[in-house]
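Here, each number is a calculation from the coordinates, and none is a lab measurement. No experiment lies behind these values; they were computed from the predicted model shown. Here the Cβ positions follow ideal geometry from the backbone for every residue, glycine too, while neighbour counts run over all protein chains shown.
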Amino acid sequence: MREVTGSNPVAPTILSIVKPPDRIPQEHIGAREKMVQEQVVARGIKNPRVAQVMRKVPRHLFVESALADRAYEDGPLPIGEKQTISQPYMVALMTEALELRGDEKVLEIGTGSGYQTAILAELCLNVFSVEKIRSFAVRARAILDGLGYYNVAIHVGDGTLGWSEHAPFDAIIVTAGSPGLPQPLVEQLAVGGRLVIPLGDEQSQVLKRVRRTATGLEEEQLGECRFVKLWGKYGWAD
């Protein structure tokens with residue numbers, strides 16, 4: 001499955017490939033291992049699948065070439081348009097919180113660099129990612145294609161609206177801070193599904209996991225965080 005949609009679609013093609021082939025470059029293996037041991041495992045990430053995938057995915061390809069040597073540092077990095085690629089630990093924490101087994105359909109809000117998208121693509125069946133900034137979507141699509149992640153579809157649009165055509169989703173991840181829980185995302189979450197989202201004000205948020213049950217929603221707090229704003233109809237106003 002390969003797709004980019006929007007008002008001006010880019011290569012809106014769907015392929016029948018489900019799982020990505022093993023085409024990951026071998027550069028920076030030592031840096032990735034150090035990142036996982038010091039920033040992920042040492043901080044309490046227990047899911048071995050998450051750790052293994054973060055050892056594999058070449059984070060340095062998702063940042064500008066001038067920042068490639070900093071890609072495995074303990075912190076976010078700028079990717080343009082006042083946006084960032086998230087800190088490795090935060091990527092691991094949010095991914096682990098989704099409790100993926102491998103057969104899920106996942107909605108990602110905020111494709112950004114595409115790094116989190118690649119992590120998800122390794123751990124689930126299909127990823128549907130929504131990105132507001134078209135240039136990010138196009139660049140991420142190119143990188144993901146180059147690495148063989150064809151189980152990803154990218155849509156250019158308002159992430160707070162979700163992607164109703166492909167709902168319901170087994171898991172939803174929101175990679176930007178929202179002042180409240182976007183109702184369309186709740187509605188597109190399958191019963192038994194998990195939604196991970198930073199909720200709060202412009203300066204700081206609390207990372208929450210929301211489970212949809214047959215009788216309603218259950219919320220858990222996963223810790224404090226700080227993300228860029230989630231822009232859109234059910235997020236921050238443009």
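The magnitude of the dipole of the chain, with charges of +1 and -1 set on the Cβ of Lys/Arg and Asp/Glu and taken from the Cα centre, is near 300 debye.
Which of the aspartates and glutamates could a cross-linker span from residue 34 if the Cα-Cα distance has to be under 12 Å and same-chain partners fewer than 8 positions apart are dropped? Filter leaves 73, 74.
For a Förster distance of 35 Å, can you work out the FRET efficiency between the beta-carbons of residue 134 and residue 203, rounded to the nearest 0.05?
For R0 = 35 Å, the calculated efficiency reads 0.80.
The residue list 177, 221, 85 was ranked by how far each Cα lies along the charge dipole of the stretch 2-225 toward its positive end, using unit charges on Cβ atoms, and 85 comes out on top. Using θ = phi - 60° in the Karplus curve 6.51 cos²θ - 1.76 cosθ + 1.60, the 3J(HN,Hα) couplings for the stretch 185-193 round to 5, 4, 5, 8, 8, 5, 4, x, x Hz; x is entered for Gly and Pro.
Sorted from fewest to most neighbouring beta carbons within 10 Å, what does the list 56, 46 look like? Display every interim value, and only then the final one.
Numbers: 56 15, 46 9.
The fewest-first ordering by Cβ neighbours comes to 46, 56.
Normalised by the number of residues in the chain, the mean separation of alpha-carbon contacts (under 8 Å, six or more apart) gives a relative contact order of 17 percent.
FRET efficiency for the residue 64 to residue 213 pair, using the beta carbon distance and R₀ = 41 Å, is estimated at 0.45. How about residue 105: which lysines have a C-alpha closer than 18 Å to its C-alpha, ignoring those fewer than 8 places off in the same chain? Result set, ordered by chain and number: 19. Pairs from the table (132/233; 56/208; 56/132; 82/208) lying more than 20 angstrom apart at Cα are 56/208; 56/132; 82/208.
Tell me the mean residue ellipticity at 222 nm calculated for the chain from its helices only (DSSP H runs of n ≥ 4, each -39500 (n - 2.57), averaged over every residue, nearest 500). Taking each H run of at least 4 residues, the total per residue is -6500 deg cm²/dmol. If the segment from residue 165 to residue 27 were pulled out straight at 0.36 nm per residue, it would be longer than the present Cα-Cα gap by 45.9 nm.
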